[in-house]
Each structure stands twice: as C-alpha cells, then as structure tokens.
Amino acid sequence: MSWSKIAATGAAALAAVAAHDVTQRKHAILRNFPVVGHLRFMLEKFGPELRQYIVTSNDEERPFSRDQRRWIYASSKGENTYFGFGTDNDVENSTGYPVIKHRTFAGPGAATAPHAEEGVRLPMGKVLGGPRGRAKAFRPGSIVNISAMSFGSLSGNAIEALNRGAALAGCLQNTGEGGISPAHRHGGELTFQLGTAYFGCRDTQGRFDLARLKDLVASSPVRALEIKLSQGAKPGLGGLLPGAKVTEEIAEIRGIPVGQDCASPSRHTAFHDTDSMLDFVELLAAETGLPVGIKSAVGDLAFWDELVTLMSARDRGVDFVNIDGGEGGTGAAPLVFADSVAYPFRIGFTEVYKRFARAGLHDEVAFIGAGKLGLTENATVALALGLDGINVGREAMLAVGCIQAQKCHADTCPTGVATQDPWLARGLDPALKSVRAATYVRSLRRDLLKVAEAVGVVHPALMGPDDVDLVDGTRTATTLREAYGYEPGWGVPGPELAATVEDLMLGRLPDDPHPAHA
C-alpha cells in the first residue's frame with residue numbers, strides 16, 4: 001500500500017472518530033474537543049503508572065513508597081538490600097518518626113557475631129493454645145507469617161506460590177475467609193479463617209456446620225482456627241468478591257453462584273455477642289483440639305472491655321488476638337471504609353493490649369498484627385509495643401510479583417496476583433515466585449534479628465516500649481511508653497516467658513513443643 005493510501009485511510013479513521021465524538025452526548029470533553037479529548041482519558045487511565053514510575057519521589061507514593069517496594073523486591077530476590085548515601089526521609093521535619101535506640105552493651109545471650117545469612121531461626125515466643133491447654137497447642141516456627149488472603153481475591157497461582165513459599169520458609173499461611181482450595185495444599189501449614197459466610201464449613205443455607213469444619217481440618221494441614229470479626233480494608237462491612245472473579249471453581253469451593261458478587265454478611269450468625277462468641281471459641285477448641293483466635297480491626301472499644309472482663313474468670317478465652325490496622329487491606333472496599341473506618345494499627349493495637357495488660361492476661365494471649373507490618377521499621381515498633389507475631393499481606397503480594405497497580409478489585413491485575421483471568425494468572429509461575437515469597441520472609445526475620453541485636457536482646461519480642469522513641473523533628477523525643485500510656489512491665493513478656501524466649505534462642509528448648517506430626 002502506498003503512503004498516500006495509508007494517509008487517506010488514517011484521515012478517514014480520524015474523521016470517523018471526530019464525527020462520533022461531536023454527535024455523542026455522554027462525554028462533554030469529547031463533544032467539545034473531538035479526537036484530542038481522548039488524550040485526557042488515556043492520561044487518566046495510565047495516571048497511576050505515570051506517577052509511579054516518573055513523577056513521584058522515593059518516599060512519596062502510597063500505600064507503599066518506591067523505597068519500600070524496592071526493599072521488598074530486593075529482599076524477595078535475595079539481592080543487596082542496603083541503601084546508600086544516608087536516609088532520604090525528611091527526619092528533620094517529620095512528626096512521630098520512630099527511632100530505635102541501640103545499646104552500647106548487649107544483654108545476656110544476645111548475638112554479637114555476624115549473622116547475615118537468611119536462614120536464621122526466629123520462632124514466636126508464645127505457644128498458641130498453651131495457657132489454655134489446647135490438645136494441639138503449638139509454637140509457630142516463625143515470628144513472620146503470611147496474612148489472610150482468600151483464593152478468589154488472589155489467583156490460584158498466587159495462592160500456590162504463597163503456600164509453597166510458606167513451606168520453604170517454615171511459616172504459616174492464613175487461608176482468608178474463602179475456604180481451602182487445591183492451591184493451599186502444596187506443603188505449607190495453614191491457619192484456617194472462619195468468616196461470616198463460613199465458606200468451606202457451611203450448610204446449604206450458609207449456616208455454620210461443625211461436622212464440615214472437622215472434616216476439613218482432618219484433611220488439611222490446619223494448625224489453628226481464626227474467627228474473623230472484621231478486617232482492615234472494610235471493617236464492619238464483610239468481605240466482597242466481585243462477580244468477575246467468581247469462577248466455577250471458586251463457586252464450588254464457597255458454595256455460591258457463578259459470576260455473581262459474593263458479599264459476606266457483616267456479622268456472624270453462629271454467635272450474637274461476646275459471651276456466646278466465647279462459647280463458640282471453646283466449642284471449636286474442644287471439637288478440633290486446635291488453638292482458636294479472633295481477627296479484628298478496632299473501632300468501638302466496648303467489645304474489648306467485655307471480652308477482657310469475661311476472660312478474667314479464666315474458664316473461657318481466645319488463644320490469640322490478631323489486630324488488623326485500618327491502613328491495611330488487600331481487597332476491594334468502598335473508599336470511605338478503606339480511608340476512614342477503624343483505627344490505624346498502632347492506636348488500635350495499643351488500646352486492646354492495654355486492656356489485657358491491666359487484667360494480667362497479656363502473657364496468656366498471643367498478639368498478632370497486620371497493617372503494613374511487613375516493613376522492618378513498622379514491625380519493630382509493633383513488637384516493642386507488645387506484639388508477638390507479624391502477619392504480612394500486601395508485602396507478600398509484592399514479593400510474588402505485585403507492582404501496586406491497584407487493580408485488585410477489577411480482575412485485571414497485570415501480574416496475575418489478584419485476578420481470576422486465566423491469561424493474566426498464567427504469567428505468575430508458582431515454582432519461581434514461591435522462592436521469592438520464602439526469601440522475603442527469611443529476609444524480614446533476619447532484619448528483625450539484626451535490630452534486636454542492636455538493641456541488645458536475644459529476640460525481637462524482648463524489645464520494649466522504652467527501646468523506641470517517636471521524635472518530633474529535631475526538637476523532642478517521646479518513648480512509646482509515654483506516647484501510648486503503657487505502665488511498667490507492659491509491652492514485654494513477663495520474667496518467666498522472657499526466660500523461655502531466651503532459652504529458645506540459645507537452643508535450650510525445641511522451637512515447637514507440640515509438632516504437628518509428633
């Protein structure tokens with residue numbers, strides 16, 4: 001074809017577009033500015049990518065900055081995670097900037113020799129279910145575990161990569177509320193989450209079915225049960241899986257119609273208040289032998305007051321509490337819920353922890369947290385405030401290939417992580433990405449142990465609220481203890497538990513006194 005014909009064809013195409021634009025009534029921009037008006041929509045569509053790669057600075061982007069993503073990517077690949085030429089954070093003008101206070105001399109047993117290798121042991125200090133005598137109580141072999149992300153929200157390949165990675169790293173994978181899929185059965189041990197819709201353990205009317213739960217637990221590598229009361233992305237609303245993601249496989253696993261939005265109820269039907277919730281917890285523990293905990297974002301604190309009051313009798317209680325920060329969330333949510341419902345992690349967690357501490361229950365319950373805690377700085381602050389275990393969600397997604405495209409709700413995730421599109425999901429190789437997930441978990445554990453060494457303690461859970469200050473530019477510094485109203489002895493394990501943690505790290509105790517296959 002000659003150049004003149006090509007030009008004529010192009011001109012005809014542009015004329016057709018212009019004619020369409022000036023006659024349509026849907027978009028005023030196109031009606032007033034035919035052809036060139038399409039540029040506005042293209043820029044809007046690709047705006048996040050343009051800002052991500054061209055416009056924003058290293059520390060400007062949200063929810064994860066370029067520096068944070070770079071550290072996660074390098075960690076997952078086993079590459080150099082050092083940064084040169086000093087910090088580019090605006091320390092001089094920041095408010096609430098955390099500063100970890102290293103000690104000149106180390107405490108008893110704290111490591112001082114180089115330990116740069118990634119395979120360091122870092123089990124959780126507390127035994128899940130131990131204080132309440134659960135038949136299958138155990139100590140998690142990793143202080144860092146993979147947070148709740150359902151099959152459906154994530155692709156099968158992504159779930160498989162995370163499960164294989166959990167097996168390689170020796171950590172737990174939380175199933176999320178979407179049930180247990182074939183992708184969850186590749187060697188990684190599980191925490192099974194019971195959401196308000198009871199996927200995987202419900203009858204045909206959507207009610208909780210204990211017999212199905214027991215069958216599921218018996219056929220799967222489940223080590224603990226987690227009752228989800230709410231989550232950081234959409235607290236008080238219930239989960240939502242857009243209909244575009246509800247494939248035949250997901251519909252079969254969950255017991256729902258194909259292709260329709262799957263909106264979980266906002267409240268549970270198996271119990272109706274705090275008292276009946278504790279009865280439900282004890283029923284599950286008695287019937288399965290497993291530790292049972294709750295997951296919740298934090299809003300109204302009356303629930304926590306009542307829970308602590310009821311648990312003070314010590315005849316019923318949860319084995320662990322998983323606090324999800326309002327800044328967390330891996331799935332689809334209305335903007336107001338993502339932005340403005342539930343406290344951020346540090347406020348929510350400290351309010352809950354203080355209530356257990358005042359009642360003398362803080363050593364009897366394991367505290368787990370999520371909400372951007374997969375970054376060493378945030379994890380360190382959380383551990384110094386009394387957390388026992390770190391759950392990583394979006395950070396684990398980044399480790400297996402997520403690029404923060406923020407298309408999780410649209411089924412168009414370009415890296416195959418948060419989609420059910422077979423073509424997009426095929427781009428994620430579970431065998432390769434599982435190694436990255438495991439390497440990231442090991443890297444975070446290694447860095448947490450390095451920080452503990454700097455503070456002079458043998459395990460990061462032994463750091464306390466006096467070991468971290470929040471600074472106001474170059475003017476004032478306030479300890480976490482002062483900032484959050486902690487009393488002496490809070491935020492750290494009691495003497496007996498602290499001694500156990502030291503024995504663990506010095507090899508005088510087994511990591512798990514109740515292994516799954518003993």
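The values are calculated or read from the model by the stated rules, or taken from the named source; none is laboratory data. Only a predicted model underlies this, so the values are computations on that prediction, with no experimental measurement involved. Every residue, glycine among them, receives a Cβ derived from its backbone with ideal geometry; neighbour counts consider all protein chains shown. Surface accessibility is based on the protein's heavy atoms, side chains included, excluding ligands, DNA and RNA. Shrake-Rupley method; radii C 1.70, N 1.55, O 1.52, S 1.80 Å.
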Legend entry - Which listed residue is farther than 22 Å from residue 192 by Cβ, in a loop (DSSP other than H, G, I, E, B) and modelled with pLDDT under 95, from 364, 327: 327
Legend entry - strands (runs of 3 or more DSSP E) completely within the stretch 131-221 that count 1 or more residues being of a type in the set (Phe, Trp, Tyr) and in contact with a strand residue (DSSP E or B) (Cβ under 6 Å, 6 or more places away or on another chain): 189-194
Inset, instruction - Those residues that are in contact with a Lys or Arg (Cβ under 8 Å, 6 or more places away or on another chain) and buried (at least 21 other Cβ atoms within 10 Å of the Cβ), I need them from the stretch 279-291; list them, please. - result: 281, 285, 288, 290, 291
Inset, instruction - Looking only at the stretch 56-65, decide whether some residue is under 33 Å from the mean Cα position of the chain (by Cα), modelled with pLDDT under 80 and open to solvent by 70 Å² or more (accessible area, probe 1.4 Å). - result: yes
Inset, instruction - Determine which single condition residue 337 fails, assuming it passes every other condition in (1) aromatic (Phe, Trp, Tyr); (2) at pLDDT 95 or above; (3) assigned to a helix (DSSP H, G or I). - result: (2)
Legend entry - Residue within the stretch 301-315 that is open to solvent by 10 Å² or more (accessible area, probe 1.4 Å), of a type in the set (Gly, Ala, Ser), assigned to a helix (DSSP H, G or I) and at pLDDT 95 or above present: yes
Inset, instruction - Hey, can you tell me all the residues within the stretch 367-388 that are in contact (Cβ under 8 Å) with a residue 60 or more places away in the chain, part of a helix (DSSP H, G or I) and either of a type in the set (Phe, Trp, Tyr) or closer than 22 Å to residue 339 by Cα (or both)? - result: 379
Inset, instruction - Look through 82, 97, 73 and report the one residue that is among the aromatic types (Phe, Trp, Tyr) and in a loop (DSSP other than H, G, I, E, B). - result: 82
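Inside the stretch 463-482, can you point out the residues that are closer than 12 Å to residue 381 by Cα and not basic (Lys, Arg)?
Across the stretch 463-482, the qualifying residues are 463, 464, 465, 466, 467, 468, 469, 470, 479, 480.
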Inset, instruction - Select from the stretch 419-454 the residues that are part of a helix (DSSP H, G or I), small (Gly, Ala, Ser) and out of contact with any helix residue (DSSP H, G or I) (no Cβ under 6 Å at 6 or more places or on another chain) and write down the one among them that is surrounded by the fewest Cβ atoms within 10 Å (Cβ to Cβ). - result: 431
Legend entry - Leading residue by the ranking (modelled with the lowest pLDDT) among those in the stretch 223-250 that are open to solvent by less than 10 Å² (accessible area, probe 1.4 Å) and among the aliphatic types (A, V, I, L, M): 233
